[in-house]
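Enquirer: Can you read through this structure? Questions will come right after.
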Amino acid sequence: MIHSNSALVILILLISMLFWIYLKYKTRRISRYSRPLAILVMVSLAIAGGGIVSAQVTPNPAPLNNITSLPPVTPADATPANPPLLTAVAQPSNLTDFVDDQTALLKLGKALFWDMQLGSDGIQSCASCHFHAGVDNRSKNQISPGVLASLKDITFQVGGGANYQLTPADFPFHKLADPNSRKSTVISDTNDVASSQGVFYSVIKNTVPGQAVDSTTSEPDPDGFQVNGINVRRVEPRNTPTVINAIFNKLQFWDGRAKETFNGVNINGAADPSAKVYKAIKQNQLTAVSVSLNNSSLASLVTGPLLSPFETSANGRTLPEVGAKFLRKKGQKIKSLRPLGKQLVHQQDSVLGAESRFPQPGLKTASYDQLIRKAFKKEWWKSKSIIQVETNGTPTILAKNDDVNESEEGQTLPANQFSLRDWNFSLFSGLAMQKYMSTLVSDKTPFDQFQAGNTNALTAQEKSGLAVFVNNPANGGGNCNFCHTIPEFTSASLRRTAGVASTDSSDPLINNFTNGFIPNYGVRPALDDPGAGNTTTSLFKTPALRNIGLTAPYMHNGGMATLEQVVDFYNRGRGDDGGGVTPLNLTDAQKADLVAFLRNGLTDRRVLLEQEPFDHPQLFIPNGHPGNQSSVTASGNTNGTATATDQLVEIPAVGRNGVTTPQPNFLE
């Protein structure tokens, strides 16, 4: 597409040339040389005119100009009937107070996100649950038994035990004799959750500098993730949401607990005034400071999974300890952990390709320490002082004046002492991984092309499905846009909620409909999982729908395996929680059209084929354990309770050009 300013310049030049030809030849016949030139000019003029027409796009062609499923007006969205094209979210306004080099920050973030060394087990990375269209397509050992229920349930109902292989017949989790009627006979029902497996249950002893696997003690799993007394990998208690387009969310996680302001330490934002990082005012002087970065709920989010005993961490690990295992070196006579040291990096990786050591694993940059030094300003990592954590958990600053070396270099630090770089690892990892995830924007779907003016980007069936999506029931629609608001396809976006009361407050009532949270929307009773609510009112953030054709299973409990099941749920008036609303009464044809729009119209081909920016390093993911829910083989670990043998699956490294054959989706 020709940029409108460039096209205007071309048009002016062509008009001037045409006028010159007219003046030159107005009193004589145009020669055989000038006639082709004139034709060329006129053809070029027509082409330029077309270019200008295409550049001056007319957003929102029909049926978007007749939206009747409208969310309430908000301060930032006074005209919801006229949704804009998808636009980028601003980065933190004070990012340059911390970051020197954003290219290095992006490299650091992508490496950390995919690095298996991040987990306590040296296997589990952030990407382990977000490797397929930003989510997880595994189907073995993916059931959590209902540990968030008001009366914790550790009994597996789906499959009868942990390490079960899911099948299509297991879905939906709330089965009705007639899927079109919520009042029909209930065939089966469960509070189990289909989610993502993480780590084995263990308790941290300490992280070991330069060693990918933390020193831990394996203990009997308190939440029932065992087969015949052998621990299996734990499964998170809610379905894994996609990280693609998560940059558009005001809050992160289903319950919104990762706040929009990043305090540099944890998920709680401004609600935690005790959260402090350290800053080097002078070489020998550290000061505890509070930091605040806006537009940074993704940075807040990062600090959660790195310490979660379900996701990546042994119980009791701290982020300074994670930093210590990555960053200590030199005088301690240990080698630092090479970024992605257990994984291959494609030579054409869109971010890390120039750093690839292929066919050897890892990056050419030998340590995360070097990446942090390049990405961040010195006052956040360079100091000779040591931070010692006392037995009561409070930090004390120990001055070190041992020549020109920085903090830990030239010293052997005990487990309770940390360098400035170790201590501020939460700040570094949060901002770096946020930077990487901010690039994961899928704004080239057929819908986006259609909204920008290409009316042929959607098929006739997909256009009909879009009409169902944007219209209310009185106009033959499904009322989908009311909560899944275009163009982000969620009412919980930064754009929609700008100007709404800050969600950094610890007041749970802030998580309301105005901020994109839906009360009691019918999937499960609040007693099973209140989300951001309580035992009578469940509250969950409205998920975005882009690439939804690739991100099964669906809902916060993962209880639906197909889009057809999701549409049936809404069409019958929801109500799997015992409540319900007026049915939509869509016809079979309308339901099929809506599914076609969701499945095809919202899928970005770059996501499907893992093309830039959705390319990635190699990854080995746990896929349950050899055996089944009745029997597993012990791995032979010697650090306590027996753990099951892992069954690892390789996700190959992919470069910027992607793959020719897409990964299979859930249960394919």
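Enquirer: Could you tell me what % of all Cα pairs in segment 66-151 have separations over 19 Å?
Expert: Result: 70 percent of Cα pairs exceed 19 Å.
Enquirer: Go ahead and run the numbers for FRET between SER181 and LYS152, Cβ-Cβ distance against an R0 of 22 Å, rounding to 0.05.
Expert: 0.10
Enquirer: Please list, in order along segment 483-499, the HN-Hα scalar couplings obtained from phi with the Karplus expression 6.51 cos²θ - 1.76 cosθ + 1.60 (θ = phi - 60°), rounded to whole Hz, x for Gly and Pro.
Expert: Going residue by residue, I get 9, 9, 6, 5, x, 6, 6, 7, 7, 9, 7, 4, 4, 5, 9, 4, x Hz, with x marking Gly and Pro.
Enquirer: Roughly what would the spin-label model give for ASN534 and THR287, points 7 Å off Cα along C-beta, in nm?
Expert: The modelled label-to-label distance comes out at 4.3 nm.
Enquirer: Further, regarding this structure: Mind listing the long-range amide H neighbours of GLN226? Cut-off is under 5 Å, sequence gap 5 or more, other chains count too, H placed in the peptide plane at 1.01 Å from N.
Expert: For GLN226, whose amide H was placed from the backbone, the distant partners under 5 Å are ALA162, VAL232.
Enquirer: Would you mind classifying segment 172-263 by shape? Square roots of the alpha carbon gyration tensor eigenvalues, ordered a ≥ b ≥ c; an a/c under 1.5 is rounded, otherwise it is prolate if a/b is larger than b/c and oblate if not.
Expert: Note, shape of segment 172-263 comes out oblate.
Enquirer: Quick one: check the C-alpha center-to-center distance for segment 567-593 versus segment 439-498, whole angstrom.
Expert: First find each Cα centre; the distance between them is then 19 Å.
Enquirer: Among ILE187, LEU166, SER120, whose Cα lies farthest out toward the positive end of the dipole of segment 115-190, if unit charges sit on the beta carbon of Lys, Arg (+1) and Asp, Glu (-1)?
Expert: ILE187
Enquirer: Still on this model: Using a 7 Å offset from the Cα along the Cα-to-Cβ direction at both GLN165 and ALA415, what is the distance between the two label points in nm, to one decimal?
Expert: Distance between the two pseudo-spin positions: 4.0 nm.
Enquirer: Reachable aspartates and glutamates from LYS282, Cα under 13 Å, same-chain residues fewer than 8 places away excluded?
Expert: The qualifying aspartates and glutamates are GLU379, GLU406.
Enquirer: Shape call for segment 207-342 from the C-alpha gyration tensor, a ≥ b ≥ c root eigenvalues: rounded (a/c under 1.5), prolate (a/b greater than b/c) or oblate?
Expert: oblate
Enquirer: Defining a contact as two alpha carbons under 8 Å apart and six or more residues distant in sequence, what relative contact order in percent does the chain show?
Expert: It rounds to 19 percent for the chain.
Enquirer: Would you list THR660, THR562, THR551 from fewest to most Cβ contacts within 10 Å?
Expert: THR660, THR562, THR551
Enquirer: Quick one: Karplus J couplings for segment 340-351, per residue in order, coefficients 6.51, -1.76, 1.60, θ = phi - 60°, nearest Hz, x for Gly and Pro?
Expert: Rounded to whole hertz, the list is 6, x, 10, 9, 7, 10, 4, 5, 10, 4, 5, 10.
Enquirer: Determine the shape class of the chain: with a ≥ b ≥ c the square roots of the Cα gyration tensor eigenvalues, call it rounded for a/c under 1.5, and otherwise prolate if a/b is greater than b/c, oblate otherwise.
Expert: Oblate.
Enquirer: Would you list ASP272, ASP223 from fewest to most Cβ contacts within 10 Å?
Expert: Starting with the residue having the fewest Cβ neighbours, the order is ASP272, ASP223.
Enquirer: Now, a different point. Checking the cross-link filter: which aspartates and glutamates have an alpha carbon closer than 20 Å to that of LYS250, excluding same-chain neighbours under 8 positions apart?
Expert: Within the straight-line limit of under 20 Å, LYS250 reaches these aspartates and glutamates: ASP77, GLU260, ASP272, ASP443, GLU488, ASP504, ASP507.
Enquirer: Here's another thing I want to ask about it. Taking 7 Å along the Cα-to-C-beta vector as the label spot, tell me the SER188-ALA589 distance in nanometres, rounded to one decimal.
Expert: The answer from the label model is 3.5 nm.
Enquirer: Another question about this same structure. Hey, how many Å between the Cα centroid of segment 183-249 and the Cα centroid of segment 139-159?
Expert: 10 Å
Enquirer: Using a 10 Å cut-off around each Cβ, can you sort VAL147, VAL73 from fewest to most neighbouring Cβ atoms?
Expert: The fewest-first ordering by Cβ neighbours comes to VAL73, VAL147.
Enquirer: Using alpha carbons only, what's the Rg to Rh ratio of segment 120-184 with Rh from Kirkwood?
Expert: Taking Rh as the inverse mean 1/r over Cα pairs, Rg/Rh reads 1.06.
Enquirer: Kindly flag which residue pairs out of LYS205/LYS384; LYS152/LYS276; LYS374/LYS444; LYS435/LYS463 have an alpha-carbon separation exceeding 31 Å in this structure.
Expert: Those over the limit are LYS152/LYS276; LYS374/LYS444; LYS435/LYS463.
Enquirer: Collect residues whose amide H, placed 1.01 Å from N in the peptide plane, falls under 5 Å from the amide H of VAL291; neighbours closer than 5 in sequence don't count.
Expert: VAL277
Enquirer: Give me, ordered by chain and number, the residues 5 or more places off VAL235 or on other chains with an amide H under 5 Å from its own placed amide H.
Expert: GLY198
Enquirer: Ok, one more. Could you work out the percent of alpha carbon pairs in segment 505-612 separated by over 18 Å, rounded to a whole number?
Expert: 57 percent
Enquirer: Tell me, what HN-Hα J-couplings in whole Hz come from the Karplus equation 6.51 cos²θ - 1.76 cosθ + 1.60 at θ = phi - 60° for each residue of segment 583-600, using x for Gly and Pro?
Expert: For segment 583-600, the Karplus curve yields x, 7, 6, 6, 6, 4, 5, 5, 5, 5, 5, 4, 4, 4, 5, 5, 6, 9 Hz.
Here, each number is a calculation from the coordinates, and none is a lab measurement. These numbers were taken from a predicted model, which means no experiment stands behind them. For neighbour counting, all protein chains shown are included, and Cβ atoms are generated from backbone atoms with ideal geometry for every residue, glycine included.
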